[in-house]
1. Inside segment 211-270, can you point out the residues that are assigned to a strand (DSSP E or B) and without any contact (Cβ under 8 Å) to a residue 40 or more places away in the chain?
2. Could you tell me whether any residue of segment 103-117 is modelled with pLDDT of 90 or more, out of contact with any strand residue (DSSP E or B) (no Cβ under 8 Å at 6 or more places or on another chain) and assigned to a loop (DSSP other than H, G, I, E, B)?
3. Anything in segment 249-270 that is surrounded by 13 or more Cβ atoms within 10 Å (Cβ to Cβ) and more than 30 Å from G348 (Cα to Cα)? List them, or say none.
4. Filter segment 1-26 for residues that are free of Cβ contacts under 8 Å to residues at least 24 places away in the same chain and not in a loop (DSSP other than H, G, I, E, B); which is farthest from the chain's Cα centre (by Cα)?
5. Filter segment 287-326 for residues that are β-branched (V, I, T) and either more than 23 Å from G348 (Cα to Cα) or in contact (Cβ under 8 Å) with a residue 40 or more places away in the chain (or both) and give the result.
6. Looking at segment 14-59 only, could you name the residues that are of a type in the set (S, T, Y) and either within 17 Å of A100 (Cβ to Cβ) or buried (at least 20 other Cβ atoms within 10 Å of the Cβ) (or both)?
7. Return a yes/no flag: does segment 72-79 have any residue that is under 30 Å from I171 (Cβ atoms), in a loop (DSSP other than H, G, I, E, B) and touching a strand residue (DSSP E or B) at 6+ places or on another chain (Cβ under 8 Å).
Amino acid sequence: MSSPLAEVALPVPLDQTFTYTVPSELQTAVQLGVRVIVPFGKKFLTGVIVALPTDTKLRSLKPIKDILDPKPSFSDDMLKLCHWMSEYYFAPLGEVLKAASPHGLAVESKKMVRLKDPLTVVIEKVSSKQQRLVLDALRNRPSIVASQLQKLTRIKSFHATLNELKDSGLIRIEEEIPQAKVRPKKEKMARISESGRKEFKEPDNQRKLTRGQLSILGILDVQQEIAVNELLKSAKVSLQSVKGMVKKDLVEISEREVVREAFDEVIEVPLPLTLNGYQERSLTEIRKGIDANEFKTFLLLGVTGSGKTQVYIESIRSTLAKGKTAIVLVPEISLTPQTVRRFRAHFGKDVTVMHSQMSPGERYDAWR
């Protein structure tokens, strides 16, 4: 039986997708919209599965190397939108999908150069000056990216020199897949175990515990779960003390994701507000478009403080009630904090933010 197939869009300037086979160990994880690592020429690139064809006329297909997502990064709606953008703007689908992803997600292999056997290489016996420069640069480095090695040695015929050394059996050149630059941020959490709670509640057992251990169990007995870093500060103990209690089954350690937010402010309670006549008329017209499920453009003309933002808020409320979503574009990053405060007062944590001054980690978490 032949292997299942996957059609992958790659971030390359070619108006086509590429077909790969799916190895047996990855077949349960294959879904539309997941990011995959695939071979492309001599490199490995990150792409997105955009179709699962049942057959192909192509021969000698390469297998997918790895699947990066436990669940799709791109929903069906997002894939449809990216397909539309690709056709409308005459842009390769893979490059559209890359533009729709936060910076730092794509994984691309790097060409690594290593000495094949450092102990047997005698640099002085190599006749070529360029080859000696390369070997000398590699002497104190277990491995180095080829582009960095080129800058270090400043050799004009760099690639030819590398190939000569490779053919001579002195170096190895391999494509290596690095980790993604951005990943979910995790933190260690501590909680009291059942045996730890018994130890803490029994007066006879308490005498066997040190002051630090009693402090740790006392904090965990009240707080149920706390970040390990906070526990160390509150109990004034070392990490070794906590690890020792884990070994004795008094404390349990788990891991949770920490969502990085650019705006982590207290959500305000919105003041009760009655729309004026102009606002009501504007909102009525906008709601007609929302109810008709049609694309329409509306222009609100009003001076600062005339209540335009409240019309946006009520329009979005009507949109959300229909199970849809909304994007608010702000003309200047400096206006973002006050805008976020206003919208979060009405929609809480459903509001997320994306702009270029956020860190890659913050953008990654907001995107997900």
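The values are calculated or read from the model by the stated rules, or taken from the named source; none is laboratory data. The shown structure was predicted, so the numbers you read here are calculated from the model rather than taken from an experiment. Cβ coordinates were reconstructed from backbone atoms using ideal geometry, including for glycine residues, and neighbour counts include every protein chain displayed.
1. Result: E225, I226.
2. no
3. L250, V251, E252, I253
4. Applying the filter and picking the extreme gives S24.
5. Correct list: T297, V303, T304.
6. Of the residues in segment 14-59, the ones of a type in the set (S, T, Y) are 17, 19-21, 24, 28, 46, 54, 56.
Across segment 14-59, the qualifying residues are T17, Y20, T46.
7. Checked against the condition, which is being under 30 Å from I171 (Cβ atoms), in a loop (DSSP other than H, G, I, E, B) and touching a strand residue (DSSP E or B) at 6+ places or on another chain (Cβ under 8 Å), segment 72-79 yields no hits at all.
Quick grid of which residues meet (1) of a type in the set (S, T, N, Q); (2) surrounded by fewer than 16 Cβ atoms within 10 Å (Cβ to Cβ); (3) free of Cβ contacts under 8 Å to residues at least 40 places away in the same chain:
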site: C82; (1), (2), (3): no, no, yes
site: G94; (1), (2), (3): no, no, no
site: K125; (1), (2), (3): no, yes, yes
site: V134; (1), (2), (3): no, no, yes
site: L138; (1), (2), (3): no, no, yes
site: L149; (1), (2), (3): no, no, yes
site: K185; (1), (2), (3): no, yes, no
